[in-house]
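The values are calculated or read from the model by the stated rules, or taken from the named source; none is laboratory data. It should be emphasised that the depicted structure is a prediction, and the values quoted were computed from it without experimental measurement. In this analysis, Cβ positions are derived from the backbone assuming ideal geometry, glycine residues included, and neighbour counts consider all displayed protein chains.
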């Protein structure tokens, strides 16, 4: 039996309505997922909570035993601690390494039991520590909060400066003015640009460069060696068929010239047979609007198949942007974070990322402050090697 014209019109309209409903449902699901992600991230930031690993808990316990006099002389051997405390060998070794870095134990080599240092328990001068952050959100970073807690537990007064580097527009003159108006005995600069760190290096006040462009400056510093891990990540992406690879980094890492890590990235792409240019390391204004304009430009012209976010904040922002476009990680776009974050422990699939031992970050700064408190001129550079965690946010090119 032939269908009438009205029946055909009804069928067409019903089909169009189902398509529209499916599209609306997809958009609704994307926005629900987006809001859940944002709500979770804001809640995580609001809690200021850092779940300690077993080795961190053990180092806290052993430190307390030293301070109250229960432990003295030679530290019990690894095997004995394992049996007495019911923990693993690796956990004990990591905890002892933390205590060595903090100055509580001497370093006698792996085969000799370390001796508890009197210097670890002697009274130190209380310092006014001033921490100059890259941006205000760094104050909620779990590692920054742990650093503050550890320093205050040692009797120091710790304060964040009233303005961050980004609020001072990374301007050396403004930084100098603020430092001159701030009373402090020692400074910790988080992710400082080259010009700012050069200014601190020329001052007599003790200062510590916690990341940033600090290479070869006469000042104490901490840096992560990420280039080998990055090379492994890029080789994996290329093996999965990726050629349109983009790294998203902050403006101070791109200007006036790309930093060492960024140059290594471009060099590694070239070695893998990928012609490099501004597409692979795009320029964008360092704010939310500039970030979204950059992403719009990338996806309107030559959509990347793989994105590398230099820090967790950019990783979250990139996820939000992709959700808004209806793109799924890793099915549509592979996504790698070039830094770690405690929030990643909640992600399934596991985040593909470059991982470093963040406990060593805090311990290194605490050790430096201890040396400053004793009047020592500590200008050593500490390098911490990173590794690539393949995770599940990378995928073969569709």
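Evaluate the following for residue 328: is it more than 12 Å from the chain's Cα centre (by Cα) and surrounded by 19 or more Cβ atoms within 10 Å (Cβ to Cβ)?
Taking the combined requirement at face value, the residue does not satisfy it.
Hey, can you tell me all the residues within segment 82-110 that are in a helix (DSSP H, G or I), modelled with pLDDT of 80 or more and under 25 Å from residue 154 (Cβ atoms)?
85, 91, 92, 93, 94, 95, 96, 97, 98, 99, 100
Among the candidates 323, 298, 266, single out the residue that is outside any loop (DSSP other than H, G, I, E, B) and either at pLDDT below 95 or touching a helix residue (DSSP H, G or I) at 6+ places or on another chain (Cβ under 6 Å) (or both).
323
Which residues, counting only those in segment 213-228, are in contact (Cβ under 8 Å) with a residue 40 or more places away in the chain and within 25 Å of residue 366 (Cβ to Cβ)?
213, 214, 215, 218, 219, 220, 221, 222, 223, 224, 225, 226
Does segment 192-229 hold any residues that are under 14 Å from residue 161 (Cβ atoms) and surrounded by fewer than 23 Cβ atoms within 10 Å (Cβ to Cβ), and which are they?
Answer for segment 192-229, where residues must be under 14 Å from residue 161 (Cβ atoms) and surrounded by fewer than 23 Cβ atoms within 10 Å (Cβ to Cβ): just 205.
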